[in-house]
1. Using alpha carbons only, how many degrees (0 to 90, rounded to 10) separate the axis of helix 271-282 from the longest principal axis of the chain?
2. Could you work out what % of the accessible surface of the chain is carbon and sulfur, using a 1.4 angstrom probe and leaving DNA, RNA and ligands out of the count?
3. What is the extension gain from V223 to D440, computed as 0.36 nm multiplied by their sequence separation minus the C-alpha to C-alpha distance, in nm to one decimal?
4. Give, in nm to one decimal, the length gained when the segment between H577 and D198 is fully stretched (0.36 nm per residue of separation minus the Cα-Cα distance).
5. Between beta-carbons, use under 13 Å as the cut-off and find the net charge around I591, counting Lys and Arg +1, Asp and Glu -1.
6. Any idea which of A451, A315, V222 is furthest toward the positive side of the dipole for the chain, if Lys and Arg beta-carbons carry +1 and Asp and Glu beta-carbons -1?
7. Keeping all protein chains in position, work out how much accessible area R214 exposes to a 1.4 Å probe, and write it in Å² to the nearest 10.
8. What FRET efficiency, computed as 1/(1 + (r/R0)^6) with R0 = 60 Å and r the Cβ-Cβ distance, is obtained for W267 and R355, rounded to the nearest 0.05?
Amino acid sequence: MRATPRFAHRAPVHLMVVAVLVCAGCATVPTGGRVVSGRPAQRAEPIDDPYVRMIPVAPGKDWAPDRIVEGFLAASAGFDDQHKVAREYLAPGVVWQPDPRPVVTVYDKQTNVLATSKPDDPSSVVSVRGAQLGRIGSDGQYQADARTLDQTFRLAKNAQGQWRISELPERLTNSLLLSTRDVARAFRTRNLYFFAPDAKVLVPNPVFLPLVIRRDLPAQIVVAELNGPTAWLSHAVTTWFPTGTRLLGGVDVTDGIATVNLSREAWRGNQQGMSAQLMWALKQLSEVKGMRLQIDGKTVNPGLPDPNQSPSDWARNDPDSTAGETFQPVYLRDPEGRVEELAGNRTSKVPPLVRIRLFEPAVSLDAHQVAGLTKAHDGVLMGDLTSGPSIQKILNAGQAGSKFTQPSWDRLGNLWVVETTNDHSWLWIKEPGKAPVRVDHWDLGGSKVLALRVARDGVRVAAIVQVDKHAQIRLGRIAGYGTGNLTADNFLPISSDVDAIDLAWADADELAVLGRTDQAGQALPYTVPVSGGSSRPIGTGTQGNMRTITAAPNSPVLVSGQVTGKDSTADQVCRLHDPNDLLFSQWDCPIAGADPVYPG
């Protein structure tokens, strides 16, 4: 038996790189952690996505069994001609039929290939052993599934005395087994967009798209949009494309205008809704500056002065939009537990709350209401910020030893809060004008929940869940608004090596997370893409014992904690010296206080 460690580094069996370019929009995948996925393109500014063309390498003469398996796995990342080159590694009669949108098992590139054979043996067994990270479904949705990888390939010599794979592992007969590196080369991660139930804002749905020819990517995005949301997000969002709507031909992009021609079924759809979904999806590509929508060859104009639509025409559907002003105020708790508003380095009392002690505060998106916890975290308080003192306790902990997490507001004015013990939790919602009620269908009921934040779209929700000794970030969905059957479920782990302490939505695509990694024992702030990509540190020189983090679209990230000075240790709020430099800017802690929050 001989072992070949880290086979992905062996050049002879890798995909041949024809052009080496920086690919900011690739399906970037982490090398560690529990999940693998990629960060979708920025919505506000389309990214450049130069295509790195790679050609699979055919099996070499007299390759040993382990190299044959290595070569097959690497060549599987080439989608040209239905994986034509990868099939050259298979013996005649071996069934391998991956779909054009295949299920993919993703493994860490640090994987061993172990071959068992003797020089004169006509057969050989090769084992691929390492760490499985997760799976990409046929709809492009990533699902974390961390476990040990142990797959067995059987090989035999053909009439020419060359080794070929005579039997695949059972799970590979119609799917792929790819390393994180090959996923990054063979896929692109892009957002699809679907409407929240009230049809006012769009909800991003990141998916992995296998890429063969770069010019086909616009058409791939449109086809994926027409296919609807992934199973994870389905039933929680709405699409305006009627059933059966197809893309006719490809997507022509000329002078920055993408022409999308849909089949006649689209006449039954809402033209404004379809246009918004398509424009938001296509504007992720650097070459697309506008769009012309056609149905059965006829240009349609959904109430716009110009048939060439622009991203600004559908800015009102921005998933980062708020219910109130674009300016994002900041609130914090002073040393006595009273809520203050922060402007620059100065704080001012909030008149209705001058005599109220409120911990873990949360302010509604329109800045009209406030909620928070009692000092012991065993009660939830809520009141109006626009009138006189009206703070009332709306919830008491109902279970022995249970505590509440910091509340979270959505754009509809609903207040969400989790009551949790060490091994159980309950999700509460208070809708405007109604008493708080428990959400009956709550996927995390059997877990301790450390934090919960609802996205501004009101559909997606991020949580920190205690799993053994690890605090894991998960992303779920809220469905059933207005039906009497509200659910908060489908919580998927988010890619990160961060042992999370606190989190906030930085924007529709990223979380700001405070936590620890294997490389840093101290709690530090990070950005974590909700699609599951690698975490990235925010700033340098974090001071003291950081405990909370807050963020908002187009707003500086703030952290708070206990900072030790010359004479004492005090609660301080820290912000980046240069908020435009998330990676290298120093943290300053000039503000006395704790628990800073933006509305939401």
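1. Computed tilt is about 70 degrees.
2. Percent of accessible area from carbon and sulfur atoms in the chain: 49.
3. Details: separation 217, 0.36 × 217 = 78.12 nm, distance 3.57 nm.
Taking 0.36 nm per residue and subtracting the Cα distance, the gain is 74.5 nm.
4. In short, 132.5 nm is gained.
5. That works out to -3.
6. Positive-end residue among those listed: V222.
7. My reading of the accessible area for R214 is about 40 Å².
8. Step by step, r from the Cβ atoms, then E = 0.45.
The values are calculated or read from the model by the stated rules, or taken from the named source; none is laboratory data. Model, not experiment: these values are computed from the prediction. Positions of Cβ are backbone-derived with ideal geometry, glycine not excepted, and every protein chain shown enters the neighbour counts. Quick note on the areas: whole protein, heavy atoms, side chains included, nothing else; ligands and nucleic acids left out. Shrake-Rupley method; radii C 1.70, N 1.55, O 1.52, S 1.80 Å.
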